[in-house]
Number of protein chains: 2
Amino acid sequence: MEKHIGAQTIKFQNPPTVLSTAAIVGPKEGDGPLAKYFDKVSSDVLFGTNSWEAAESEMVRQTVELVVQKANLKMDDIQYILAGDLLNQETGSTYGLRSCKRPFFGLFGACSTMGEALSLGAVLVDGGFADYVVASASSHFCGVEKTFRFPLELGTQRPPTASWTVTGDGAAVLSSVGTGPYVTTVTTGRIVDMGIKDSNNMGAAMAPAAADVITQHFRDLNIEPDYYDVIATGDLGTVGKTLLLRLMTESGYDISGLHTDCGIEIFDLERQDIHAGGSGCGCAATTFAGYFYNRLRKKEINRLLFVPTGALHSVVSMQQGESIPAIAHAVAIENTKP
Amino acid sequence: MEKHIGAQTIKFQNPPTVLSTAAIVGPKEGDGPLAKYFDKVSSDVLFGTNSWEAAESEMVRQTVELVVQKANLKMDDIQYILAGDLLNQETGSTYGLRSCKRPFFGLFGACSTMGEALSLGAVLVDGGFADYVVASASSHFCGVEKTFRFPLELGTQRPPTASWTVTGDGAAVLSSVGTGPYVTTVTTGRIVDMGIKDSNNMGAAMAPAAADVITQHFRDLNIEPDYYDVIATGDLGTVGKTLLLRLMTESGYDISGLHTDCGIEIFDLERQDIHAGGSGCGCAATTFAGYFYNRLRKKEINRLLFVPTGALHSVVSMQQGESIPAIAHAVAIENTKP
């Protein structure tokens, strides 16, 4: 267990390289401030299919094929695909990836899924079990609204704390060979439930899980926040960000100068009528795969702590009056090995 | 990548020991032929809660706490819990495990989930990332009927090809130290979709995935079926078993004398009005954790190839006329290291 540091952290001995990333998004994301970082903006939310679920699967298929191609690999070179999404029984991923015919691990961490996929993918590579794995996470605004909320046709009003689900898939190839950026350490989150029951305020539900894992990451590695150039949570939005910064201060860490949130970066919140921020598995995944990976490769930043955050509720659990358990996973991606 | 053998198989260098298992089931499973192998049979399908979803979560909590206790460990000794179920957004696992406060990886492989959890759990232990992990998979008949089929109150007729979802959670502690039984090799499945569209015939949908991964397992390791004492698929039932044996014969492997199916073992199909067999994540998980682990420990069998099988559809994908993608993972558990 020589690679396990502190309570919840793995320090990789042969940090896997993020060999390539790919991000494919829908039209609203293509109208946002990160548009130029995405590989493809589909003008058609249906991606040429006849349902939102099939659209997500088509988006997943295209993104995973693209990320493999961008790594100059063939699909058969990929030993494992780790992927997940928000649809019931993860049909976005499973139907999307059935044509790939590669060993598949389905993951569920709600919007934290890209963190889970990068963590377990890096474990497979660093542990000597694989040379090339693909990590993917996706969401589709229309499919998620249908699954979790109301039929779009109703035009239901959204409260100011609500987030907007990103239509997008972000994927990465992790490799045992390469010159970085490297996945250097991962801190795996615990389920944290602070009793929030409002599924239109997921930022509040998820902020304590993010604070828990970020605090543990610093403690396990005995580092201060300024070790990183950027600490990017997944989809806390403006409401969750405020809470996170306060919780981190209470833990003795001031991350206010380093923190951003993928859900705040990906949209122009005012102009695009987003309310609290972007959300969905695809929010953190595409913002990492598009924006942050690009900045790492250009050395605009050299050390990123990427912390996708997930709300683990369902429609049924909300209807039954349950609170929202949440989880977050911290994944450090650095241009040089520590 | 020295641990990767052939196309899809991992051969562990320090095979993790299955230190303990636990299985908690509902009353119908307690009336079946494997009753004496389960740790607890709840006479109450609600497990003292007021909903089927909460019942599953309570069953998961009890089983995971029990398996840790049976390993003579404390919950804080567990570095990772890997778990999944069939409910939308996996609330059986997430709500059940939020009180454990341990690093959590949510998995989705439908009824193959126990195979996925044992595979990734063994990767974490063999790779030096953890000394103790818990793998768990659960299902609840009433919750699954509500999620996938019809309200129980309707009393809908079931066709002869239909399976009966097991109410149960099976869990295992994998450890870096111990004297076996060992997880020695795992072959990770690919998604296979042969175009079956009848969600009341999941055995037919899953048999090709089982045949694919079992065939690949033999080829990757260059072994014959009789290397194993038992080859146990997850929940193919009688319909899927017949198809599997035929597909294996077509692949050049006769497993007819070695094969059984957890869905056939766990119930008395005729007397209990089960139809094709048991199913659900809990079917393979409890049959392994209860019956097969006991037989391994007693040396009644010494080499088990455990192949949980999963149908990766959702209600929505069925309503949209889609076919059923399936997956299976092969996990070899042996009393001696190869």
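The values are calculated or read from the model by the stated rules, or taken from the named source; none is laboratory data. Quantities reported herein were computed from a predicted structural model and do not represent experimental measurements. As a convention, Cβ positions derive from the backbone with ideal geometry for all residues, glycine included, and neighbour counts pool all protein chains shown. With ligands, DNA and RNA removed, areas are computed over all heavy atoms of the protein, side chains included. Shrake-Rupley method; radii C 1.70, N 1.55, O 1.52, S 1.80 Å.
Of B:Gly128, B:Gly32, B:Gly310, which is the most mobile in a GNM of chain B whose springs link Cα atoms less than 10 angstrom apart? Result: B:Gly128 has the largest fluctuation of those listed. Among B:Asp273, B:Asp85, B:Asp254, determine the one that fluctuates most according to a GNM of chain B built with springs between C-alpha atoms less than 10 Å apart. Of B:Asp273, B:Asp85, B:Asp254, the Gaussian network model singles out B:Asp273 as fluctuating most. Look at the stretch A:319-329: the mean tally of other chain Cβ atoms within 10 Å of its residues' Cβ atoms is 3. With viscosity 0.692 mPa s and temperature 37 °C, the Kirkwood radius over alpha carbon pairs of the stretch B:239-327 converts through Stokes-Einstein to a diffusion coefficient of 219 µm²/s. Roughly what % of DSSP beta bridges within chain B run antiparallel, to the nearest 5? For chain B, the DSSP antiparallel bridge percentage is about 65. The charge dipole of chain B, taken about the Cα centre with unit charges on the Cβ atoms of Lys, Arg (+1) and Asp, Glu (-1), comes to about 480 debye, rounded to the nearest 20.
Could you tell me the center-to-center distance, by alpha carbons, between the stretch A:135-151 and the stretch A:250-291 in angstrom? For the stretch A:135-151 versus the stretch A:250-291, the Cα centre distance is 18 Å.
Relative to its Kirkwood radius, the Cα radius of gyration of the stretch B:57-162 gives an Rg/Rh of 1.05. A point 7 Å from Cα along Cα→Cβ stands in for A:Pro159, and the other copies hold the same point at 4.5 nm, listed in rising order. Over chain B, Cα pairs under 8 Å with separation of 6+ residues give a relative contact order of 25 percent.
For the pair B:Asp31 and B:Glu153, the difference between a 0.36 nm per residue extended length and the Cα-Cα distance amounts to 41.7 nm. Taking every DSSP helix (H) stretch of at least 4 residues in chain A, weighting each as -39,500 (n - 2.57) and dividing the sum by the residue count yields a mean residue ellipticity at 222 nm of -9000 deg cm²/dmol.
Starting from the label point of A:Asp254 at 7 Å along Cα→Cβ, the same points in the other copies fall at 7.7 nm, in ascending order. Approximating the spin labels as points 7 Å out from Cα along Cα→Cβ, the B:Asn222-to-B:Lys74 distance works out to 4.9 nm. Between copies, the label points at B:Thr336 (set 7 angstrom from Cα along Cα-to-Cβ) are spaced 5.2 nm, reported in nanometres from shortest to longest.
Look at the dipole of the stretch B:36-180 built from charges on Cβ: of B:Ser43, B:Gly128, B:Met114, the Cα furthest out on the positive end belongs to B:Ser43.
Applying 1/(1 + (r/R0)^6) with R0 = 35 Å to the Cβ-Cβ distance of B:Ala7 and B:Asn50 gives a FRET efficiency near 0.15. With a Förster radius of 60 Å applied to the beta-carbon distance between A:Thr336 and B:Glu270, the computed FRET efficiency rounds to 0.35. Largest accessible area first, the residues B:Arg271, A:Arg98 order themselves as B:Arg271, A:Arg98 under a 1.4 Å probe with ligands, DNA and RNA left out.
Rounded to the nearest 20, the size of the Cβ-charge dipole of the stretch B:1-56 about its Cα centre is 320 debye, with Lys and Arg at +1 and Asp and Glu at -1. Based on the Kirkwood radius over alpha-carbon pairs, what value in µm²/s does the Stokes-Einstein equation return for the translational diffusion coefficient of the stretch B:153-276 at 37 °C and 0.692 mPa s? This corresponds to a translational diffusion coefficient of 203 µm²/s.
Remark: the A:Thr179-A:Asp229 segment gains 16.1 nm on full extension, using 0.36 nm per residue and subtracting the alpha carbon distance.
Evaluated at q = 0.18, 0.19, 0.25 Å⁻¹, the base-10 log of the normalised Debye intensity for the stretch A:25-111, with identical point scatterers placed on the Cα atoms, takes the values -0.86, -0.95, -1.30. Residues of the stretch A:26-65 whose accessible area (probe 1.4 Å, heavy atoms of protein chains only) drops by at least 10 Å² once all protein chains are present, relative to their chain alone: A:Ser51, A:Glu53. Between amide H atoms placed 1.01 Å from N, distances below 5 Å from B:Thr260 occur with B:Ile231, B:Ala232, B:Thr233, all of them 5 or more places distant or on a separate chain.
If you take all other residues with their beta carbon under 12 Å from the beta carbon of B:Met114, and give Lys and Arg +1 and Asp and Glu -1, the sum is -4.
Within a 10 angstrom radius of each residue's Cβ in B:122-132, how many Cβ atoms of other chains show up on average? Whole number is fine.
Other-chain Cβ atoms within 10 Å of each residue's Cβ, averaged: 6.
Placing unit charges on each Cβ (+1 for Lys and Arg, -1 for Asp and Glu) gives the stretch A:227-308 a dipole about its Cα centre, and among A:Phe288, A:Pro308, A:Ser251 the Cα reaching farthest toward its positive end belongs to A:Phe288. All other residues whose Cβ lies under 13 angstrom from that of A:Ile5 are scored, Lys and Arg at +1 and Asp and Glu at -1, for a net of +1. Each other residue within a Cβ distance under 12 Å of B:Gln272 adds +1 if Lys or Arg and -1 if Asp or Glu, for a net charge of -3. Springs between Cα atoms under 10 Å define the GNM used for chain B, and in it the highest mean-square fluctuation of B:Ser251, B:Ser279, B:Ser57 occurs at B:Ser251. Per residue, chain A exposes an accessible area of 32 Å² to a 1.4 Å probe, with every protein chain left in place. For B:Lys11, the lysines whose Cα falls under 19 Å of its own Cα, not counting residues fewer than eight places away in the same chain, are B:Lys3, B:Lys337.
If you look at the Cα atoms of chain B, you get an Rg and a Dmax of 18.0, 55 Å. On a per residue basis, the convex hull of the C-alpha atoms belonging to the stretch B:1-74 measures out at 167 Å³. Restricting the calculation to Cα atoms, every distinct pair contributes to the Kirkwood radius of the stretch B:171-235, found to be 14.3 Å. Surface burial for B against A, with a 1.4 Å probe and both sides summed, reaches about 5100 Å² of accessible area. Computing FRET efficiency as 1/(1 + (r/R0)^6) for A:Asn302 and A:Lys40, where r is the C-beta to C-beta distance and R0 is 30 Å, gives about 0.65.
Chain A residue nearest by beta-carbon to the axis mapping A to B, with distance in Å: A:Gly127, 1. Taking one quarter of the surface of the convex hull spanned by the alpha-carbon atoms of the protein assembly as shown gives a direction-averaged projected area of 25.5 nm². Per residue, the average separation of C-alpha pairs within less than 8 Å and at least 6 apart gives the stretch B:158-288 a relative contact order of 37 percent.
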